[in-house]
Every structure is written in structure tokens, then in C-alpha cells.
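First comes the structure, then the notes that go with it.
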Amino acid sequence: MCSGVIRLAIVVWSISCMSMIAGHRILACEPCPGHSHWNVMSAVLESLVAAGHEVVCVTMHPPTDRLATHPNYTHVDMSSLTISTLQPARDMDYAHVVKVFQSNAFMVGPITTREQFLCKYLFDMPVIRDILNGSGPAFDAVVMESLHSKCMSTLPDRLGVPVVYVVPSPMVNWMPVATGAPDHPSYLGTLLADRPTPTTFNQRLANALVYVHTALVRWYNDKGRDHRWPEYRHSMVFVNTHHSVEPSRPMGPNVHEIGGIHLNRSLVPILQDLTDVLDKSNKFGVIVFTFGSLISMNTLPDDVLDTFKIVFSQLPQTVIWKYENDYMPDKPENVVLCKWIPQRAILQHPNVKLFISHGGMSGVYEVVDAGVPVLGIPLFYDQPRNIQNLVDLGTALSIKINNLTHTTLSITIDRLLNDKSFSENAKRVASLFRDRPMTPSESVVYWVDYLIRHGTEGNIRPSSADASWTSHFMLDMCAALLMTMMILWFVSRVVLQFMFNKFIPSNVK
């Protein structure tokens, strides 16, 4: 009985301590229409509201179930008063997407222009004007995405509160400079380059050209505007990477990897018909094929669809194909069509032998966590480097969609299914991915609290972040050294000439 009383006392004490922990008031902003971006940001916000913080989020995306039902979450819809360009991007036409994203190197201009349009719209919203004018309770921090333009930084700068930037992709080019992390295009791959780690001269040259082009375009589009990285400098970055998948890069304590944070959600139950397909698949197992949420698979070119259908019809495996139409002409008998699939739950099924994907970050971490080999068919943006990471790790092979033929697709699938090294490497990387001192959600909650508690006194910002470009490249030191050498050379020349004239007879001259 005594032990029971003690346990009860401990429980009561714990609850009272938790009730004394004051939740912070956080303003969040997710202006990007991409569903994959919201997938990361919403997972961050779910972690914060679950920890007792109050979150007010301005976005065009509807809240997830966990956010919509949580009393600490307030949704501000930024699409309700505007045009269709600010609607969430889902199930788009393939030809339109390819036209918009036809070249990674030249995506930066349109993207920065769009972000500045979003900035203008955001700051014209009545709710944001009220917040900036001090109406209502004050906020303790801002959590936001700001990819290729720094215009969003005006918001935390005006409020004078700490800011946390959520990067839903690998690190964008300008973030390392702003956070003080070393960034060198000779050995660190840029976001829009195909190679995450350039090794050959040609790869390093191409990487450097993309890096310089991206930096110049972003600088040109942002120059002359009253948008800047917050001057008080207490900021932090959460980047959607993990060193088990993305090549390691030097980062200070103001940058933290949260790759796979959306995996903290419970698995979505698999519908019974799909469960039967997975459970009753023959000894050859199941292949899962999807291009994510952005592109509608039924809008792919006919020759590409025919290639998939012909090759799939020759496979002994069952193929679960995310396809947006109920009907597919000439559908192979071993293909099961689904308009939507609980992707992560299906990948965890032991009968899944291969994942065919475009290489979106969410899908990459889901398949890495499941330990399943990948056939990557990247389309644009960070997808080529995401797939290349898996290729370098020995868990995947890659095919460019423009090079897709019956032969290449058939040979690649056969190799991935029958070469055991791909499955073994996938399980090895999955073990590395899961081995962490704390979950991404726990890391988010801890570091947001830390930043709010300590601000600039937290001493997490490297001094390199505030160094001028002349100091960064040591140009002042090089100039001083060069000047010193020139003075020494000049003095030595004068002294030698004087001694030569003084001690050598004139007739010798």
C-alpha cells in the first residue's frame, strides 16, 4: 500500500510540474504550395503543439488531422482571398510541370519571383498587418519556410523574435552562408545539381556553375528590397536531411537535421483489398510504383505509359500502381490501380520487394526507413540528387525518364530484384537512419525551446556567419601579406643597390 501511495504521489507531482511549464506562442508560415513542403512543416508544427505550445499558422494547406483537432492550433487560410496560383499543388499535368521545371539551373529566377509575390501577398493580409502592428498577444518565435528568397525574413525581423527556418529539402545554397557553415562548390553539392558529391573535374565545374548562377540570380532578385536576414541574428535552421542518406556537411549548432520527421505519425491503416493483395502475393512479392502527389500519373506521355505497362506485364510480381483514373487502357493483369495509397504503411509490408519512385524527400525517407531497394526515375528540382544519394549508397538504380525504354527498364528492375546487395544495403542504411540520440520531433521541441529561452545568449551562431566576404576569403590578410612582401622587396633592393654603389669600385662597374 505504501508503494502505491508513493507512486500516486509521483504521478501527481509530475502532472503539477507539467502544468507549470508555460507553452510558448509561435507564429508559423508555410507559403509554398507543394504538398511535400507542407508534409515536413506540418510534422514540425504537430511536434510543437503536442509539447504544449500554441501555434498560429498562415498557409494555403488544410491542416492535418492531428493539427485540426488540436486545441493549440489555429489555422489562417492564405488562399481564401486570392487567386488560384496560391492553391496547393497536387495531381498536376505532367507536361505543364515539365515545362515549368524544364531546367534545374534556371528554376531559381521564377521561384524567387514567385516567393516575392507570396511575400507581398502575405504582408498585405489583414491578419499579418494586425500582427505586425502589435494587435493581440505577442509571439515568442516564428517558424517558417524561406527557400530561395530572403523576403520572408522581414516577418521575424519586424516582430523582433527568434526565427526557425524549416528547409523541406537538402540545404539550399544561401542558407550555409547565412548560418556561418562552410560552403564550397568544389566538394559540396548544390541543391539544384544532379550530384550530391561532385568528384570528377567536370562534375565539380558543373556544380560550381550552378552554385554561382543560383547565387547571382537570387542576389539580383533580392537586391534593393527591404527584406533581409534578421539583424538580431538569433535564428536556427531545421533541414530535412539525415547523414545516413545525405552526404555529411559541416554545420554549426544553429543547424539541425530533422530528416524523416513526418515518420513520427502513426501508420495509416491499409484498406482490406490492398491488404489482401500484399498478403496473398506470390513468392515473388510486390512492386510499389508512384510519382508522389504533385504529378497525375495518367498525364504521362503515352509512350512512357506503354513502356511501363509492357514491362510490368512481363514481371512475375504484383505491381501496385498509384494511378489517378479508375480505368487504364491495356492494364496488365498483375497491376493493381489505386488513386491513393498509404505509401509508408505499404512499404513496411514484408512482401514489398521494390519501390519505383520519382525521388521526393518524403518518399525517400519512407523507403529508407522500410529498408526496400529503389528504382529512381527523377523528374526535377532536388529529385535527381536525392536518387543519386541512394545510388551512391548501393540501395538504388536510376533511369532518366527521357531515356526510358523497354530494355533499360526491364534490365534495371531485374537487377534490383535479383542482386541481393541492393536489399542488404537498404537494410544497412535503414539501421543507420534509425540510430539517433533523439527523434526529429524531440529535437525540434528541444531546440525551439532553447532558442526562445536563450536567444543570442545561447551562443549557437558561429562567428563565421557575421564575417565579411573580405574576411571570409582572407583578402585583407592576403593584401597585408602582399604589401609586406612588396615593402621588403623594395627595401632590400634599395639597400643592396646602396651597398653595391658604396663598396664596389667605380672602375669595376
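The values are calculated or read from the model by the stated rules, or taken from the named source; none is laboratory data. Remember, it's a predicted structure, so these values are computed and weren't measured experimentally. Quick reminder, even Gly has a Cβ in these numbers, built from the backbone with ideal geometry, and neighbours come from all protein chains shown. Keep in mind that these areas ignore ligands, DNA and RNA; they rest on the heavy atoms of the full protein, side chains included. Shrake-Rupley method; radii C 1.70, N 1.55, O 1.52, S 1.80 Å.
A 1.4 Å probe run over the protein chains yields, for the chain, 49 Å² of accessible area per residue, whole-number rounding. With contributions of -39500 (n - 2.57) from each DSSP H run of at least four residues, the per-residue ellipticity at 222 nm computed over the chain stands at -13500 deg cm²/dmol. Given H placed 1.01 Å from N in the peptide plane, which residues other than close sequence neighbours of Met92 have an amide H under 5 Å from its amide H? Under 5 Å from the amide H of Met92 lie the amide H atoms of Ile295, Ser296, each far enough along the sequence or on another chain.
Against the chain, whose longest principal axis comes from its Cα atoms, helix 440-454 is set at around 40 degrees.
Oblate is the label for region 389-509, because the ratio a/c of its alpha-carbon gyration tensor axes (a ≥ b ≥ c) is 1.5 or higher and a/b is not greater than b/c. Here log10 I(q)/I(0) by the Debye sum over Cα atoms at q = 0.06, 0.07, 0.09, 0.11 Å⁻¹ was calculated from the structure, and among (1) -0.35, -0.46, -0.71, -1.00; (2) -0.48, -0.61, -0.81, -0.98; (3) -0.43, -0.56, -0.82, -1.05 it sits at label (1). Charges were assigned to the Cβ only: +1 to each Lys and Arg, -1 to each Asp and Glu. The resulting dipole of the chain about its Cα centre is roughly 1500 debye.
Between helix 2-20 and the chain there is an angle of about 60 degrees, using the helix long axis and the longest principal axis of the Cα atoms.
Considering every Cα-Cα pair within region 227-379, what fraction, in whole percent, is farther apart than 18 Å? Taking all Cα-Cα pairs of region 227-379, the fraction more than 18 Å apart is 63 percent. Take 181-187, 25-31, 210-216 and order them by the average number of nearby Cβ atoms within 10 Å per residue, most first; the result is 25-31, 210-216, 181-187. The phi-based Karplus calculation (6.51 cos²θ - 1.76 cosθ + 1.60; θ = phi - 60°) puts the 3J(HN,Hα) values of region 63-77 at x, 5, 4, 5, 7, 4, 9, 8, x, 8, 10, 10, 9, 10, 7 Hz, whole numbers, x for Gly and Pro. By accessible area, using a 1.4 Å probe on protein heavy atoms only, the chain has 60% of its surface on carbon and sulfur. Once both axes come from the Cα atoms, what is the angle between helix 420-434 and the longest principal axis of the chain, in degrees from 0 to 90, rounded to 10? The two axes meet at around 70 degrees. Here Lys280 is the anchor, and the aspartates and glutamates within straight C-alpha reach of less than 18 Å, apart from those fewer than 8 places off in the same chain, are Glu333.
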